[in-house]
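To start, the structure under review is shown below, and the notes come after it.
The values are calculated or read from the model by the stated rules, or taken from the named source; none is laboratory data. None of these values were measured; they are calculated from a predicted model. Note: ideal-geometry Cβ built from the backbone for every residue, glycine included; neighbour counts use all protein chains shown.
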Amino acid sequence: MVRLGDLIPDAARALGLGDELRLSRAMATFEAIVAERVPAAAGSSRVIRLEGFTLDIEADAPIVAQELRLRGTELLAAFAAAPGGVGVREIRVHVRRGGPRL
């Protein structure tokens, strides 16, 4: 018997969805790490892009972006150690244009 979760990466690659699966895992991993380590930023930031070894994060407000930047080394270490961390070496934080999401 094989676990379904073990089959998904191979199936995604076969369907040409490897990058989307990688991004999805990175998003879920980042959300969990932020919720645990920077709870005030949970729900106010999200992964918008994963390019190479760089994770681009969008924050809803400048104060959230600043907190994520200040804790960047800690977040990067936690992300790299997580199973869904996918070898990220840099986190870039941008403030969302157009104001906060409702």
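Summary table below
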| read-out | value |
| --- | --- |
| Those residues of region 41-88 which are outside any helix (DSSP H, G or I), in contact (Cβ under 8 Å) with a residue 12 or more places away in the chain and aliphatic (A, V, I, L, M), in sequence order | Val47, Ile48, Leu50, Leu55, Ile57, Ala59, Ala61, Ala82, Val86, Val88 |
| Region 41-67, subset of a type outside the set (Asp, Glu), surrounded by 19 or more Cβ atoms within 10 Å (Cβ to Cβ) and over 11 Å from Phe30 (Cα atoms), residue modelled with the lowest pLDDT | Leu50 |
| Arg97 vs. criteria modelled with pLDDT of 80 or more, surrounded by fewer than 15 Cβ atoms within 10 Å (Cβ to Cβ) and among the charged types (D, E, K, R) | yes |
| Count of residues meeting criterion [over 13 Å from the mean Cα position of the chain (by Cα) and hydrophobic (A, V, I, L, M, F, W, C)] in region 45-80 | 5 |
